[in-house]
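A.B. asks: Take this structure first; my questions come after.
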Amino acid sequence: MRITDIRLGMISVPLRVPFKTALRSVSSVEDVIVEIHTDTGAVGYGEAPPTGVITGDTTGAIIGAVNDHVKKTLIGRDVDDFEDLMIALQNCIVKNTSAKAAVDMALWDLYGQLYKIPVYKMMGGARKSITTDITISVNDPDEMVRDAMNAIERGYDCLKVKVGKEPEKDIARLSAIRQAVPASTLIRIDANQGWTPKEAVRILNGMQERGLDIEFVEQPVKAHDFDGLKYVTERSYVPVLADESVFSPEDALKIMQMGAADLINIKLMKCGGLYNALKIASAAEVYGVECMIGCMLEAKISVNAAVHLACAKQIITKIDLDGPVLCKEDPILGGAVFNEQLITVSDEPGLGIKGIEEGKIRYL
């Protein structure tokens, strides 16, 4: 199975409600689609969201990385030379992790199709289904309560609440939500780097002292501040999950060695795809550190790849793959089935993606 072409396109998928964090506000998913074509007619699919404030990857950068670097590296090569392809992909350009992730998942898709096996079984095959949380955007307390209750009515029992935009209001936001939802509801929070270390400890311990029962906090301090992350982890009543701090297996390893976080978040767009995500999961197994699998604001192709990883590895115990259910529509054919909080992986070869609805992709 030889690679003959790599095609790029754009999809635009509106969100049910605007997605608001401490870093940005978004009303639709605007992602780059990667199609890797082969001489057998098989096509591998990948996807990359431009998330400049987190990864530095803009739409133009993703397109340029693939057209100017990836194509010349991969076209003409055999999919069966899989390890060599993965190493070549990671080395053909520095950083540009979202572009690499999109190409990486398309190659895994083709490799699974070549050997007629779903990717999650190639990686370990731990389970067939997983349960995700759903994100509650940062807004005024009343609006956040409405969004939380809507999620509960849709069957969710785990909420990821965005905080960190206005630190002094975060306790009020969480108090309002905790009072409104059933007592059994899990609440995890994501500060998106919004606090200083001392501020984080004060706010988090204040939340727990008020009985808000927070499961864990995601990235309370700046991404580069590993010492600050460790400061919070050692002093907070709330367990700490490292997210934006983890852009590579090396980052994850350093955080685990330092004891700078209780949990590690794996995101394909930050680490460059499934190949590197597996390395993070393996390191976490060695250190006994549980992982969450997360996503950016993405449509189903890339989230589907993360589902395969989550279904493959037992060390991944927390699931934050709500991108497709935040969208008003799903133009992607095939792949995992997203039934609100329950996600069931496909047993089709590769990643199981069959294509994109006619008229929903604009080829570049």
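None of the figures in this text is laboratory data; all of them are computed from the coordinates on show. Keep in mind that what you see is a predicted model, and the values were worked out from it rather than measured. Cβ placement follows ideal geometry from the backbone for every residue including glycine, while neighbour counts extend to all protein chains displayed.
A.B. asks: What percent do you get for the relative contact order of region 1-122 when only Cα pairs under 8 Å and 6+ apart count?
C.D. replies: Result for region 1-122 is 28 percent.
A.B. asks: Another question about this same structure. I'd like the antiparallel share, as a percent to the nearest 5, of DSSP beta bridges with both residues in the chain.
C.D. replies: So the antiparallel bridges in the chain amount to around 55 percent.
A.B. asks: Order 162-171, 73-82 from most to least packed using the mean count of other Cβ atoms within 10 Å.
C.D. replies: In decreasing order of mean packing, 162-171, 73-82 become 162-171, 73-82.
A.B. asks: Using a 7 Å offset from Cα along Cα-Cβ at ASN339, what residues in region 115-148 end up with backbone N under 14 Å from the label point?
C.D. replies: 128-132
A.B. asks: Which one, VAL201, ILE93, ALA260, is farthest towards the positive end of the dipole of the chain when Lys and Arg carry +1 and Asp and Glu -1 on their Cβ?
C.D. replies: Looking along the dipole axis, the top candidate is VAL201.
A.B. asks: Where does each of VAL303, VAL17 land when they are ranked from fewest to most other beta-carbon atoms within 10 angstrom? Walk me through the numbers on the way to the answer.
C.D. replies: On the way: VAL303 28, VAL17 15.
Sorted ascending by nearby Cβ count, the order is VAL17, VAL303.
A.B. asks: Ratio of alpha-carbon Rg to the 2.2 N^0.38 Å globular estimate for region 47-93, to two decimals, please.
C.D. replies: 1.28
A.B. asks: Tell me, what HN-Hα J-couplings in whole Hz come from the Karplus equation 6.51 cos²θ - 1.76 cosθ + 1.60 at θ = phi - 60° for each residue of region 230-240, using x for Gly and Pro?
C.D. replies: 5, 4, 5, 4, 6, 10, 8, 6, 9, x, 10
A.B. asks: Same structure, new question: FRET efficiency for ASP142 and LEU23, Cβ-Cβ distance as r, R0 = 25 Å, nearest 0.05?
C.D. replies: Using R0 = 25 Å, I get an efficiency of 0.65.
A.B. asks: Let me ask something additional. What lysines does LYS71 reach when the alpha-carbon gap must be under 22 Å and sequence neighbours fewer than 8 apart in one chain are set aside?
C.D. replies: LYS95, LYS100, LYS270
A.B. asks: Separate question: If you rank SER98, SER184, SER137 by fewest surrounding Cβ atoms within 10 Å, what's the result?
C.D. replies: Working: SER98 35, SER184 6, SER137 19.
Fewest-to-most Cβ neighbours within 10 Å comes out as SER184, SER137, SER98.
A.B. asks: Give the Cα extents of region 3-116 along the principal axes, in whole Å, largest first.
C.D. replies: Answer, in whole Å and largest first: 43, 28, 19 Å.
A.B. asks: Next question. Among PRO349, TYR115, SER236, whose Cα lies farthest out toward the positive end of the dipole of the chain, if unit charges sit on the beta carbon of Lys, Arg (+1) and Asp, Glu (-1)?
C.D. replies: In the chain, that residue is SER236.
A.B. asks: What percent of all Cα-Cα pairs in region 121-356 falls into each 10 Å bin, going from 0 up to the bin containing the maximum distance?
C.D. replies: Here the calculated profile for region 121-356 is 8, 33, 36, 20, 3.
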